[in-house]
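We did not get these values from a lab; they are worked out from the coordinates using the rules stated. The shown structure was predicted, so the numbers you read here are calculated from the model rather than taken from an experiment. A quick note on method: Cβ atoms are made from the backbone with ideal geometry, for glycine too, and the neighbour counts reach across all protein chains shown.
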Amino acid sequence: MSAYLLINIFIISIPLFLSFEKKIRFYKKIIPVIISIILTGIPFLIWDSIAVSDGDWSFNDHYLSGIKILNLPLEEIFFFITVPYSLLFLYECVRYYIKNKVCIKYFHLMALVSIIFLIAGFISLGRSYTSTVFFFCGVIFALIYIFNCKEFFSKQVLVTVLLSFIPFFIVNYLLTSLPVVLYNSGSITNFRLLTIPAEDVFYSLSMISSWLFIFISFEKFFEKKSPLN
């Protein structure tokens, strides 16, 4: 079994085991979870595949099974399933244990944040990973603002995002220190947190934001459609 596959199993094992826990009952949210995983995974996997083709990053065959789909290791595709599932499970736990508070008066800051990321993307056009990750952040925050997802600007989401960066640093350190993932120095700023490229922080932020935004939006949609409401 490959090291990258073991990392995937490590990521999802506890959330999957606890999905049927009586208090959280995460299994009941499986439809919006699947939609969030698919709608976020498609653009990110396309970007991933293009980046590998362009040489922005590559994967160390020593830690892989050797199976590839669209020039991506099978383990990398699994990563886009195990991580969002675990992240959304964490969000459900946070919602159960922490009382929510939505800061509506600060919601318009989302538009400003989006503009800042888009400007940063244009400024860093010479480095493909750096610019692309800023553009992705800008577009995702713009969509959150355009679709008026005020629930995103809440205490529960903030706590989830902050907590998610704990496993992010652990997993990303493993991926970049072994290393499973190899980065082209010409595509990044080469500023690192230990062995983790600084761009990976924004990469994770963009994915986390997308998973939560889509999950929250479709959860609301299905609640409205439910005959019990």
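Brief remarks follow.
- The trypsin sites (Lys or Arg not before Pro) of the range 82-174 that meet both conditions, a loop assignment by DSSP and at most 14 other Cβ atoms within 10 Å of the site Cβ, are 99, 101.
- Rounded to whole Hz, the Karplus (6.51, -1.76, 1.60) HN-Hα couplings of the range 110-127, x for glycine and proline: 4, 5, 5, 4, 4, 4, 4, 5, 5, 5, 4, x, 5, 5, 9, 4, x, 10
- For the chain, the fraction of alpha-carbon pairs in successive 10 Å shells from zero, as %: 7, 31, 37, 20, 4, 0
- Using just its DSSP H runs of length 4 or more, each adding -39500 (n - 2.57), the chain gives a mean residue ellipticity at 222 nm of -22500 deg cm²/dmol after division by all residues.
- Using the Cβ-Cβ distance between residue 109 and residue 17 with R0 set to 30 Å, the FRET efficiency from 1/(1 + (r/R0)^6) comes to roughly 0.20.
- With Cα atoms defining each centre, the range 130-175 and the range 6-82 are spaced 17 Å apart in the structure.
- Most fluctuating residue given options 136, 165, 20, as computed from a GNM of the chain linking Cα atoms under 10 Å: 20
- For the range 149-155, 3J(HN,Hα) computed residue by residue from phi via the Karplus equation (6.51, -1.76, 1.60; θ = phi - 60°) reads 7, 5, 4, 5, 8, 10, 4 Hz, glycine and proline entered as x.
- Sequence-distant lysines (8 or more away, or on other chains) whose Cα lies within less than 24 Å of residue 220: 22, 23, 28, 29, 99, 101, 105, 150, 155
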